[in-house]
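Colleague: A single structure is presented below for examination.
The values are calculated or read from the model by the stated rules, or taken from the named source; none is laboratory data. Bear in mind that the values here come from a model prediction, so they are computed numbers and not experimental data. Ideal geometry is used to build each Cβ from the backbone, glycine not excepted, and the neighbour counts take in all protein chains shown. Heavy atoms of the whole protein, side chains included, go into the accessibility calculation; ligands, DNA and RNA do not. Shrake-Rupley method; radii C 1.70, N 1.55, O 1.52, S 1.80 Å.
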Amino acid sequence: MFKNRMLWSSLLVTLMIFLAACGNSSTNSPSGSNKGEEAADKKVELRMMWWGSQARHEATLKVIDLFEGKNPNISINAEYLGADGYWDKLNTQIAGGNAPDLIQLGNNYPDYVSRGTLLELDPFMGNEINLSDFDEAIATSGKLNDKQYGINLGSNALGIVYNTELIKKAGMEPPKAGLSWDELEQYSKELVAKLGSGYYAFADQSAFTHYVGHYVRQSGKALFDGTSISFDEADMTSWFEMWKRFRDEGIIPSAEKSAAYLEVAPDNSMLVEGKTAMVVMWSNQLKAFQEAMQDELEMIPLPSGGTEKGMWIQPSQFLGVSAKTEHGKEAAAFINFFVNDPEATAILSSDRGIPGSKVVREALKANAEPIVLKTYNYLDVAAEQSREMDREMPNIAEWDAALKNAAQKIAFGAASAQESAQEALKAAQAAAAKAK
């Protein structure tokens, strides 16, 4: 009897040791904490912040719900708004030590790296984040100084989107790819004359930073060459004078009307309202604008001119992680889900640009609706008109605000083209200097 009790005691101890070992084993699931101190089933809350159209908001919220359904221990609180005001809100949160865990960024992500805002993602690469199906150039586009800080959400190109029905109403042929600036101006004057009062050829986009970038690149220059501002007062004066002429000719709306339409989303657009025939936008925006209107839209490259190609293929957005997050592993797992999961990528489609994963691209193309195929096909056309992109200007949000202010002064008659050019150039130099 004594021996039997000893045997059972020994077996019980062995079983307890075995169970304890199982309970303390590490986990590779995204619910595991970064430091191994949290239980696998502990509830983790993340915050994600992004900008975009209503269509993007709805798609992103669906993906968040899908992720939470597959990862019940992780919840993601969404914070989203339009492009206007996004950077001000983000910067305010960062300054207050309250940055979201997951942050949507543009090609200005190096600014946030330099401020210590973003978490280095290299520890998660090949583990929580798998980019093995990504084209190498796209996979590494979120690197700075050989360290990964963001994951590319898609690639884009700028283009002129036009309303085919308005062109038909004017009895004209559609604008053709390869139009020079002068040819576009003449085409626009004829279009407005035939459409009549209340219609415009295109929107006032004199304050669109990347459109300016295209313009100066055609002269072999750049907004920023990697070390300094690479355009001058003469470039900006010429740009502003051209847009003043467009306004005087009535091919773009008045200053008052333009101020009421931002043209960055379908819910605030004269193109959608059928009053403007053409608008410059990123290729990934085409779907959202088309879904907001009945008239069919088409897309052609930006105006030609100068000695160099002005266009480029650009990463649309990146998804990064706050350096202050307590849940880097979970945030990284969500990023991987966002760019690789078949259900998630089918929901997101190409709203943030053409996906970097070859597998995802082929799946989307196989089941793509016509408007999405237009986006894919346009990117091929744009690539032929493009050369290597420039490094984005440091602190570009500051320059962007200054450019808008300078452009509005001309539009409302408060400054000359040269005065506004001087103001814009000075703001660009000041923004870039802060990065040194």
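Colleague: Could you tell me the calculated FRET efficiency between ASN377 and ASP135, based on Cβ-Cβ distance and R0 = 22 angstrom, to the nearest 0.05? Mind dumping the intermediate values first?
Modeller: Numbers: r = 18 Å, r/R0 = 0.83.
Using R0 = 22 Å, I get an efficiency of 0.75.
Colleague: Compute the normalised compactness of region 34-179: alpha-carbon radius of gyration over 2.2 N^0.38 Å, N being the residue count.
Modeller: On the way: Rg = 19.8 Å, N = 146, 2.2 N^0.38 = 14.6 Å.
Normalised Cα radius of gyration, region 34-179: 1.35.
Colleague: Classify region 317-436: rounded, prolate or oblate, from the alpha-carbon gyration tensor (a ≥ b ≥ c, eigenvalue square roots; a/c under 1.5 rounded; otherwise prolate if a/b is larger than b/c)? Present the calculation step by step, with values, prior to reporting the outcome.
Modeller: Working: a/c = 2.85, a/b = 1.62, b/c = 1.76.
In terms of gyration-tensor shape, oblate.
Colleague: According to the Kirkwood expression over distinct Cα-Cα pairs, how big is the hydrodynamic radius of region 171-231, in Å? Mind dumping the intermediate values first?
Modeller: Details: mean 1/r = 0.0725 Å⁻¹.
Hydrodynamic radius (Kirkwood, Cα only) of region 171-231 equals 13.8 Å.
Colleague: Using Cα pairs closer than 8 Å and at least 6 residues apart in sequence, work out the relative contact order for the chain, in percent.
Modeller: Computed over the chain, the figure is 25 percent.
Colleague: Given a 1.4 angstrom probe, I'd like the percentage of the accessible area of region 69-122 that is carbon and sulfur, rounded to a whole number.
Modeller: Details: 980 of 2180 Å².
Summing carbon and sulfur atoms, their accessible area is 45 percent of the total for region 69-122.
Colleague: What is the magnitude of the charge dipole of the chain about its Cα centre, with +1 placed on the Cβ of each Lys and Arg, -1 on the Cβ of each Asp and Glu, and no other charges, expressed in debye to the nearest 20? Working shown, then result.
Modeller: Working: 41 positive and 58 negative charges, 197 e Å.
Dipole magnitude for the chain comes out near 940 debye.
Colleague: Which whole-Hz couplings ³J(HN,Hα) result when phi for each residue of region 149-157 is put into the Karplus expression 6.51 cos²θ - 1.76 cosθ + 1.60, θ = phi - 60°, listed in order with x for Gly and Pro?
Modeller: 10, x, 10, 5, 9, x, 10, 9, 9
Colleague: Counting only Cα atoms, I'd like the Rg/Rh figure for the chain, Kirkwood definition for Rh. Please list the in-between numbers first.
Modeller: Details: Rg = 25.7 Å, Rh = 23.7 Å.
Rounded to two decimals, Rg over Rh is 1.08.
Colleague: Using 0.36 nm per residue of separation minus the Cα-Cα distance, give me the extension gain between GLU362 and ASP88 in nm, one decimal. Write out the running numbers ahead of the final one.
Modeller: Values: separation 274, 0.36 × 274 = 98.64 nm, distance 3.70 nm.
Stretched fully, the GLU362-ASP88 segment lengthens by 94.9 nm.
Colleague: Dipole magnitude of region 284-436 about its Cα centre, charges +1 at Lys/Arg Cβ and -1 at Asp/Glu Cβ only, in debye to the nearest 20?
Modeller: On the way: 16 positive and 21 negative charges, 114 e Å.
That gives region 284-436 a dipole magnitude of about 540 debye.
Colleague: Counting only heavy atoms of the protein chains, get the accessible area per residue of the chain (1.4 Å probe) and round it to a whole Å² value. Mind dumping the intermediate values first?
Modeller: Values: 20100 Å² over 436 residues.
Each residue of the chain exposes 46 Å² on average to a 1.4 Å probe.
Colleague: Further question on the same structure: Quick check: the angle from helix 181-195's long axis to the longest principal axis of the chain, C-alpha only, nearest 10 degrees?
Modeller: 80
Colleague: Going down the table (LYS62/LYS287; LYS169/LYS221; LYS42/LYS324), which pairs top 27 Å between alpha carbons? Let's see the in-between values first.
Modeller: Details: LYS62/LYS287 18 Å; LYS169/LYS221 39 Å; LYS42/LYS324 20 Å.
With Cα atoms farther than 27 Å apart: LYS169/LYS221.
Colleague: Expressed in nm², what is the orientationally averaged projection area of the convex hull enclosing the Cα positions of region 182-285? Mind showing how you got there, number by number?
Modeller: Details: hull surface 30.0 nm².
Averaged projected hull area, Cα only: 7.5 nm².
Colleague: Considering only the chain, what is the antiparallel percent among its DSSP beta bridges, to the nearest 5?
Modeller: On the way: 24 of 39 bridges.
Just about 60 percent of them are antiparallel.
Colleague: Could you name the lysines in cross-link range of LYS176, using Cα to Cα under 18 Å and dropping any fewer than eight places away on the same chain?
Modeller: Once the sequence-local lysines are set aside, what remains near LYS176 is LYS168, LYS189, LYS309, LYS374.
Colleague: Helix 328-340 versus the longest principal axis of the chain: what is the Cα-based angle in degrees, 0 to 90, to the nearest 10?
Modeller: Roughly 60 degrees, rounded to the nearest 10.
Colleague: Loop by DSSP (not H, G, I, E, B), at most 14 other beta-carbon atoms within 10 Å: where is the longest site-free stretch of the chain for GluC sites (Glu not before Pro)?
Modeller: Numbers: sites that count: GLU37, GLU249, GLU273, GLU296, GLU308, GLU388.
It runs 38-248.
Colleague: Provide the gained length on full extension for the span GLU256 to ALA78, in nm with one decimal, where the gain is 0.36 nm per separating residue minus the Cα-Cα distance. Let's see the in-between values first.
Modeller: Details: separation 178, 0.36 × 178 = 64.08 nm, distance 3.43 nm.
Additional length available on full extension: 60.7 nm.
Colleague: For region 311-388, what is the charge dipole size about the Cα centre, in debye to the nearest 20, if Lys and Arg each add +1 at the Cβ and Asp and Glu each add -1 at the Cβ? All intermediate terms of the calculation are to be shown ahead of the outcome.
Modeller: Values: 8 positive and 10 negative charges, 27 e Å.
Using Cβ point charges on Lys, Arg, Asp and Glu, region 311-388 gives about 120 debye.
Colleague: Which angle between 0 and 90 degrees, to the nearest 10, do you get for helix 86-95 versus the longest principal axis of the chain when only C-alpha atoms count?
Modeller: 40
Colleague: Grab the Cα-Cα distance for LYS176 and GLU384, subtract it from 0.36 nm times how many residues apart they are, and report the gain in nm with one decimal.
Modeller: Numbers: separation 208, 0.36 × 208 = 74.88 nm, distance 1.52 nm.
Separation in residues times 0.36 nm, less the Cα-Cα distance, equals 73.4 nm.
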